[in-house]
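These notes are about the structure you will find just below.
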Amino acid sequence: MARARNIKPGFFKNDRLAECQPLARILFAGLWCEADREGRMEDRPKRLKVEYLAYDNCDVDELLAELEQRGFIVRYVVDDTAYIAIPNFGKHQNPHIREPASSIPAPDMHSARTGSDTVQAQCSHSSGPADSPFLIPDSPIYKKPLAQPAERRVENPPAGFDQFWTAYPRHQGKQDAVKAFAKIKPDERLLAEMLAAVRRQRLTSDWQRDGGQFIPHAATWLNKRRWEDEIALAPGESGGPGRDENELLKRAI
């Protein structure tokens, strides 16, 4: 359910937000309207597309990934349900006093895809009051990107995971990826299907663009069963395969 929020002029002067695509900036403001009083909502890109960018030809999941990459949102999974949290929402927003309490679990060090240290650093400032009792300011503004936490050592990953992790091009959030992989428990046939999908999707323009920054985290890819995505690459199109890449795709299927 969309809710009324306010925007301060600082939104338009945020140089870090200015690094995002224009539609990502609009979506970010839309997320405030979607969020509950704790700054949380379900991670449903298709629904958010209809609600806030209905007239634009865009991939909302890609825009969310861009906002996540720059620390403006946290995407996480609890009990197989995906959520979004806006860090410092409680500090920078003043929800209506009659707005109901959040029914969405908060991100924690195990489920948040950006890592436990990042989540704790972002959420530790949310207890203070908003800086205006009347207006709802512009949400989290960070002077510097938050440092990425060191990758935790994974003990005894499930069978087949090392093969998947080696093939997957983005090596972040390994602990979350192990948990997602363990839930799926792929047999040899499913693992081969997943590896083929990774090889195929590595050839897409989305995964190759900007140094691969829009490649989803492995845990997200697994939790959303992205190996089932239909990928269409046409020769001669931007990001599409040439003759040699078509041979790779044939071998990947």
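Output the residue which, of all residues in the stretch 219-234 that are assigned to a helix (DSSP H, G or I) and of a type outside the set (A, V, I, L, M, F, W, C), is farthest from residue 76 (Cα to Cα). Only one residue fits best here, namely 228. Count of the stretch 68-93 residues, restricted to those that are without any contact (Cβ under 8 Å) to a residue 60 or more places away in the chain and closer than 18 Å to residue 2 by Cβ, is 6. If you check residue 172 against the conditions, is it modelled with pLDDT of 85 or more, under 16 Å from the mean Cα position of the chain (by Cα) and not assigned by TED's automatic domain parsing to the domain that holds residue 67? Taking the combined requirement at face value, the residue satisfies it.
Would you please name the residue that is farthest from residue 64 (Cα to Cα), looking only at residues in the stretch 100-117 that are at pLDDT 75 or above, over 15 Å from the mean Cα position of the chain (by Cα) and surrounded by 14 or more Cβ atoms within 10 Å (Cβ to Cβ)? The extreme case among them is 102. Just give me the residues in the stretch 181-207 being more than 15 Å from residue 166 (Cβ to Cβ) and aromatic (Phe, Trp, Tyr), in sequence order. Listed by number, the list holds a single entry, 207.
Is it the case that the stretch 204-218 has a residue that's in contact with a strand residue (DSSP E or B) (Cβ under 9 Å, 6 or more places away or on another chain), modelled with pLDDT of 90 or more and in a loop (DSSP other than H, G, I, E, B)? Checked against the condition, which is being in contact with a strand residue (DSSP E or B) (Cβ under 9 Å, 6 or more places away or on another chain), modelled with pLDDT of 90 or more and in a loop (DSSP other than H, G, I, E, B), the stretch 204-218 yields at least one hit.
Taken over the stretch 1-51, the residue count meeting the criterion of being in contact with a Cys (Cβ under 7 Å, 6 or more places away or on another chain), surrounded by 17 or more Cβ atoms within 10 Å (Cβ to Cβ) and among the hydrophobic types (A, V, I, L, M, F, W, C) is 1. If you go through the stretch 52-78 and pick out every residue that is within 8 Å of the chain's Cα centre (by Cα), surrounded by fewer than 21 Cβ atoms within 10 Å (Cβ to Cβ) and not acidic (Asp, Glu), you end up with 1. Within the stretch 141-149, is there a residue that is of a type in the set (Val, Ile, Thr), at pLDDT 90 or above and either surrounded by 13 or more Cβ atoms within 10 Å (Cβ to Cβ) or closer than 30 Å to residue 26 by Cα (or both)? Among the residues of the stretch 141-149, not one is of a type in the set (Val, Ile, Thr), at pLDDT 90 or above and either surrounded by 13 or more Cβ atoms within 10 Å (Cβ to Cβ) or closer than 30 Å to residue 26 by Cα (or both), which makes the answer no.
The values are calculated or read from the model by the stated rules, or taken from the named source; none is laboratory data. All of these numbers come straight from a predicted model, not from anything done at the bench. Glycine gets a Cβ as well: all are built from the backbone with ideal geometry, and neighbour counts include every protein chain shown.
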